[in-house]
Amino acid sequence: MIAFAALLTSVLSGCHEPCKEGYGRASDSLCYPLADRPCGEGYGRTDDGECTPIGGSSVPETEADADADSDADSDSDVDADTDADADADADGGGASDPPTGFDGRIDIASGIELDPGLSFVINAWTTDQIDPETGWPTGGEAFQSHEFSVVAGGITLNYTFPLNDVPEAGIDLRVTVDPVGTEPPWDRALPTVLPVAPDETYGFQPGDWRSNIDFTIQLSESDDEETGESAEDSGGP
């Protein structure tokens with residue numbers, strides 16, 4: 001009976017299910033992973049067959065490689081974004097367009113002093129608003145107008161006339177000046193237009209600036225009949 005029990009135990013102990021793929025059975029009848037390649041220096045293989053640092057971090061060697069790749073990709077993305085933002089800022093910060101217009105001065109031919117508070121209106125007229133024979137405007141609203149006031153007196157008033165909305169194709173203009181008010185002696189001021197020649201104009205492209213467009217206003221005599229001089233003789237329209 002004892003012999004039969006020993007034989008049965010021996011038979012049962014020798015019958016085991018095969019180990020799963022990648023594992024083999026050791027002499028203690030347990031399944032252990034089969035090492036398909038040696039781990040690197042300082043690494044050992046776990047029960048799951050993965051290499052891990054010996055005595056250090058438990059992160060497998062394959063996961064450490066993945067973290068390194070992820071960090072590299074993240075740095076690359078940050079650099080790319082920074083460069084793109086810098087390029088966009090550089091492209092967006094352009095210089096503004098230069099101004100268009102003209103400047104000059106207003107004088108009175110007789111040298112009379114300009115009182116503080118006196119004003120002059122300068123009008124810019126397009127060629128289709130000008131009589132081609134006389135060079136004077138035919139009426140209506142000027143292309144652009146600005147009013148300039150005398151502040152501290154003197155015999156000269158300096159002005160700066162900005163032109164807005166000048167078309168890309170450019171524009172040709174003639175300009176006039178008139179005092180504001182009818183108090184003596186400004187009620188005798190004769191109309192003044194530039195350029196003097198009736199067939200000439202000032203041409204402007206966007207960004208063009210002209211200087212020294214100077215007006216000299218004539219004052220008629222107080223009694224035209226006595227002097228025999230009229231506004232027409234003085235160059236007025």
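The values are calculated or read from the model by the stated rules, or taken from the named source; none is laboratory data. Model, not experiment: these values are computed from the prediction. All Cβ positions, even for glycine, are placed from backbone atoms using ideal geometry, and neighbour counts span all protein chains on display. All accessible areas refer to the heavy atoms of the entire protein, side chains included, with ligands and DNA or RNA removed. Shrake-Rupley method; radii C 1.70, N 1.55, O 1.52, S 1.80 Å.
Apply the a/c threshold of 1.5 to the C-alpha gyration tensor of region 140-216 and tell me whether it is rounded, prolate or oblate. Don't skip to the answer; put the middle values down first.
On the way: a/c = 2.07, a/b = 1.72, b/c = 1.20.
It is prolate, given that a/c is not under 1.5 and a/b is the larger ratio.
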For this session: Determine, from the Cβ-Cβ distance of VAL180 and SER96 and an R0 of 41 Å, the FRET efficiency 1/(1 + (r/R0)^6), rounded to the nearest 0.05.
Result: 0.80
For this session: Provide THR127, THR182 ordered by accessible surface of protein heavy atoms (probe 1.4 Å), highest first.
Result: THR182, THR127
